[in-house]
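The block underneath contains the structure these notes are about, expressed in structure tokens.
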Amino acid sequence: MAVKTEHYSMSIAGKWVGDELDTLDVTNPANGKNIGTVPNGGEKEADQAVQAAHEAFASWSERTSHDRAGYLKKLHQLMLENQEELAQTMTLEMGKPINESRGEVNYAASFIEWFAEEGKRIYGETVPTHKEGKRLQVWKKPVGVVAAITPWNFPAAMLTRKMGPALAAGCTVVMKPSSDSPLTAVKLMELCEQAGFPKGVVNLVTGSSSKFANVIMSNSNVRKITFTGSTDVGKILIKQSAEHVKNLSLELGGHAPLVVLDDADVDLAVKGTVASKFRNAGQTCICANRIYVHEKVYDTFNDKLAKAVENLKLGDGQDESVDVGPLINQDGLDKVKRHMQDAVSKGATVVTGGEPNTEGGGVFYEPTVVKDIDESMVVMQEETFGPVAPVQKITSDEEAARLANDTPYGLAAYVFTENVARGTKLIEKLDFGIVGWNDGGPSAPQVPFGGMKESGIGREGGHEGIDAFIESQYVSIGLE
Ligand SMILES: NC(=O)c1ccc[n+]([C@@H]2O[C@H](COP(=O)([O-])OP(=O)(O)OC[C@H]3O[C@@H](n4cnc5c(N)ncnc54)[C@H](O)[C@@H]3O)[C@@H](O)[C@H]2O)c1
Ligand SMILES: O=C[C@H](O)CS(=O)(=O)O
């Protein structure tokens, strides 16, 4: 794809705006080249977007769910028709291999499709009365204006996983993507415009996150804030939300354990480990971060995993044959290097990989397997967010459960065993919102995705995913 440095705009109240503002550069992490600029929006633009969403809310929420579904289904169709442009944009701005980007577009579109229909199933209740002359009902209504803040690692899916249910429920939306990957959001906004969403129903602001947060936390017209990103930022937002008791949904960081028991199908476990660990160069919230392998299969697993990892091709995601792209930026590379230096200094052994590669201005790290790991190493304590598979030996199911749960995080976990009883008993002990059992890729639009402990509050996707955008209104009807 020919890369030209283009300026892109924000969209507020159906108008493309912000061209008078300073700009933020968007950089291709595979080569460090500037691929575009977006407006560096501030509090004024955030306020304007909230006002536009507020003014559009009454008419949008009064439409029927079937009418709203029509717009969402049109957006779904446009996303699939424009899959290649969305995917190419995604790969250019955040490095994901092009085939993964194409997959993400389909995944992102699936949330729009699924929630177009789910919006038709927002049922109220009639509650048996306790008193003659009274009738008790529970009505469901859209929460109102929704502010959505999203991360860079899934530039399309993290937005549609929020805007899909929000719009289906009758809410209007103000989106603020990561400044590391705003261009996919711009393209998505263009498709919303083509789908015919009324002006102000969907708005896109780019620029300062903290200024955007200041506005959405203090503006009474914002009734819901939905955030996906790191636990550290999530904690900042929780504190900020206290002053006006803002309704928050949080999808935060992970540090997934992956447990291989001695009766596991080792080939399947290796396949699942590669699928989970090296997707998006290890930069997903549910990547296996800590791998625990029973001593009886430890050597076999490590040998097979190393062979599989050595077959992974590292390079520019625009190359169709590449399996692992760059990290998002130098900070991401530095964190991976820090984790590896700490592990090796404490006795870990690199089985394959283990080196950074910044040739041509990119920020790459070789797909890596490292063994002789123990829990004192930082790689087993902090989310690495990179293509490093640290493997620690275990001797029992009990030790597996103890080590797996020994983390503030609780997003995803993986268990490989062929024994139903062992798997059931182990998974029941795990404090994680998502568990892959003999499966390294659990995500889907129709299931509740989210974490326990410091991995978040609430769920996205599935029946539960639309609840975040609905208020229950109890109506007590006197018939005297
Ligand atoms: N649980 C999930 O579903 C999920 C999904 C994707 C990513 N993540 C997590 O996100 C992290 C990686 O993404 P990231 O680097 O973009 O995370 P991040 O927390 O640095 O940024 C996320 C978003 O928040 C914005 N932001 C940053 N500081 C802010 C502030 N003070 N106030 C308001 N907004 C602010 C950023 O601009 C970005 O848009 C990882 O921890 C990953 O596990 C979680
Ligand atoms: O990075 C976090 C994403 O939610 C992972 S997934 O694409 O939903 O599996």
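Projecting the Cα atoms of Trp152, Ala53, Leu248 onto the charge dipole of the chain (Cβ charges, centred on the Cα centre) puts Ala53 farthest toward the positive pole.
Think of a 1.4 Å ball rolled over the protein heavy atoms: the chain then has 40 Å² of accessible area per residue.
Rounded to the nearest 20 debye, what is the charge dipole size of the stretch 256-444 about its Cα centre when +1 sits on each Lys and Arg Cβ and -1 on each Asp and Glu Cβ?
140
Taking trypsin sites (Lys or Arg not before Pro) in DSSP loop conformation with at most 16 other Cβ atoms inside 10 Å as exposed sites, the chain has its longest uninterrupted site-free stretch at 347-480. Relative to the longest principal axis of the C-alpha atoms of the chain, give the angle of the C-alpha long axis of helix 420-429, reported between 0 and 90° and rounded to the nearest 10°. So the inclination is approximately 60 degrees. Volume per residue for the chain equals 150 cubic angstrom (convex hull of Cα atoms).
Normalised by 2.2 N^0.38 Å, where N is the number of residues, the alpha-carbon radius of gyration of the stretch 172-259 equals 1.23.
Helix 65-81 versus the longest principal axis of the chain: what is the Cα-based angle in degrees, 0 to 90, to the nearest 10? Relative to the chain, helix 65-81 is tipped by roughly 40 degrees.
Here is the size of the stretch 263-369 from its Cα atoms: Rg then Dmax, 14.1, 45 Å.
For the stretch 40-151, the dipole from Cβ point charges (+1 on Lys and Arg, -1 on Asp and Glu) about the Cα centre works out to 760 debye, to the nearest 20. With the convex hull drawn over the C-alpha atoms of the stretch 256-444, the volume per residue is 108 Å³.
As an equivalent ellipsoid, the stretch 1-148 spans semi-axes of 40, 22, 13 angstrom, where each value is the square root of five times an eigenvalue of the C-alpha gyration tensor, largest first. The alpha carbon radius of gyration of the stretch 24-111, expressed as a multiple of 2.2 N^0.38 Å, is 1.42. Rounded to the nearest 10 degrees, the inclination of helix 330-345 to the longest alpha-carbon principal axis of the chain is 40 degrees.
Charges were assigned to the Cβ only: +1 to each Lys and Arg, -1 to each Asp and Glu. The resulting dipole of the chain about its Cα centre is roughly 1340 debye. Looking at the stretch 256-444, the DSSP beta bridges with both ends there are about 20 percent antiparallel. In the chain, the portion of solvent-accessible area held by carbon and sulfur atoms comes to 49 percent [1.4 Å probe, whole percent, DNA, RNA and ligands not counted].
The values are calculated or read from the model by the stated rules, or taken from the named source; none is laboratory data. Computed from a predicted model, the values in this text were never measured in an experiment. All Cβ positions, even for glycine, are placed from backbone atoms using ideal geometry, and neighbour counts span all protein chains on display. Quick note on the areas: whole protein, heavy atoms, side chains included, nothing else; ligands and nucleic acids left out. Shrake-Rupley method; radii C 1.70, N 1.55, O 1.52, S 1.80 Å.
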